[in-house]
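The values are calculated or read from the model by the stated rules, or taken from the named source; none is laboratory data. As the structure is a prediction and not an experimental result, all values here were calculated from the model. Cβ atoms come from the backbone with ideal geometry, glycine included; neighbour counts cover every protein chain shown. The accessibility values were calculated without ligands, DNA or RNA, using every heavy atom of the protein model including side chains. Shrake-Rupley method; radii C 1.70, N 1.55, O 1.52, S 1.80 Å.
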Amino acid sequence: MGFDHVRLSINPQPMFREGEADAIPKEYLGYLDEAVQNILANDLAVILDIHPASEFKNRLAKDDGFVEQFEDFWRAFAKHYGALDPNFVFFEILNEPESQDRYRWAGIQAKLAAAIREGASQNTIIATGARWSADDDLLFLVPLRDANVIYSFHFYEPQIFTHQGANWAVDFWHFAHGLAYPSTPESAERVAAEEPEAANRLYVIRYGFERWNGARIEAEISQVAEWARRYGVPAICDEFGVYRKYADANSRPAWLTDVRSSLERHGMGWTMWDYSGGFGVVAKAGSETVPDEPTLRALGLKAP
């Protein structure tokens, strides 16, 4: 299909041992090694994305001792994979830190990056802003004192469109089906009629009057590009996508096209979320994997 890398999301909790976080169980590493080698054998680079649940991240936000243990874990984990080709293996410090204190997260991230560098001197580190790694959180960040770091952000704006029908976050999103992109007052009004609560109907109406389109997306992403130019650092978007179950069939690829085009216009790499889940670029039909051609076209790729 034309992809050149995989962002491999790894939950550290099954291999995290309290009090001896640097003693990563060999059986788990063996399982993970197999996945990494499979990716590399197919001429794909791999981002090792440490992707724990909220409970793990909440402890980091409050517990200095837990931060120190996470440093120990990262030092050992980086040392294990640091022997692999640094042109193909990248270390992502933490997916969406969820820390509301941007200053604390900046300090934690600097400590974790230093621990990674002790374990692996050559591999590129991927850092991010606080909270949910949105573009405004990245703009708050001052780059690390390490020349081999890429800075990532996630882009799902506006979330009322990209997460319509989703039942795991803001409650009223699951009432929104078929929201159009680009947004207009008229198309939003039709969807707003299905919202049972007046306040939530207003959110949908606002989406229409905000007139989200390619120019609005470009305005957001260009701010990240300017931040990266000012500091002389590379930036990427390693999550963006639209929940596909209830999205309008034409609007979803239109949004993906606008985001991907803006990123490429500014020379930013990207990773779409996700491969075969609710936002997927492929669908699973029994044992068959079926590429979604409109999604691939939106990404500038093509079905094999």
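For the residue pairs LYS26/LYS62; LYS57/LYS111; LYS79/LYS302; LYS245/LYS302; LYS57/LYS302; LYS26/LYS57, the alpha carbons lie more than 26 Å apart in LYS26/LYS62; LYS79/LYS302; LYS57/LYS302. Each label was represented as a point 7 Å from its Cα along the Cα-to-Cβ direction; for PHE140 and ASP64 these points are 2.1 nm apart. Roughly what angle does helix 198-210 make with the longest principal axis of the chain, taking Cα atoms, 0 to 90 degrees, to the nearest 10? Here the helix axis deviates by roughly 90 degrees. Between HIS174 and LYS284, the simple spin-label model (points 7 angstrom out along Cα→Cβ) gives 2.2 nm. Across the stretch 39-101, the mean sequence separation of Cα contacts (distance under 8 Å, 6 or more residues apart), normalised by length, yields a relative contact order of 58 percent. For ARG211, the accessible surface of its heavy atoms amounts to roughly 120 Å² (probe 1.4 Å, protein chains only, rounded to the nearest 10). Each Cα pair under 8 Å and six or more residues apart adds its sequence gap; the mean of these over the residue count of the chain is a relative contact order of 14 percent. Computed over protein heavy atoms with a 1.4 Å probe, the carbon and sulfur contribution to the accessible area of the stretch 117-272 reaches 49%. With R₀ set to 45 Å, the beta-carbon distance separating GLU186 from ASP101 gives a calculated FRET efficiency near 0.60. With a 1.4 Å probe and all protein chains left in place, how much of the accessible area of the stretch 1-59 comes from carbon and sulfur atoms, in whole percent? That share works out to 47 percent. Per residue, the solvent-accessible area of the chain (1.4 Å probe, heavy atoms of protein chains only, all protein chains present) comes to 47 Å². Only bridges whose two residues both fall in the chain count here: according to DSSP, what percent of them are antiparallel, nearest 5? The antiparallel fraction comes to roughly 15 percent. The slack between ARG297 and TYR31, meaning 0.36 nm per residue of separation minus the straight C-alpha distance, is 92.4 nm. Relative to the longest principal axis of the Cα atoms of the chain, helix 214-231 runs at roughly 30 degrees. Between LEU44 and ALA219, how high is the FRET efficiency from 1/(1 + (r/R0)^6) when r is the Cβ-Cβ distance and R₀ = 45 Å? Nearest 0.05. Rounded to the nearest 0.05, the efficiency is 0.85.
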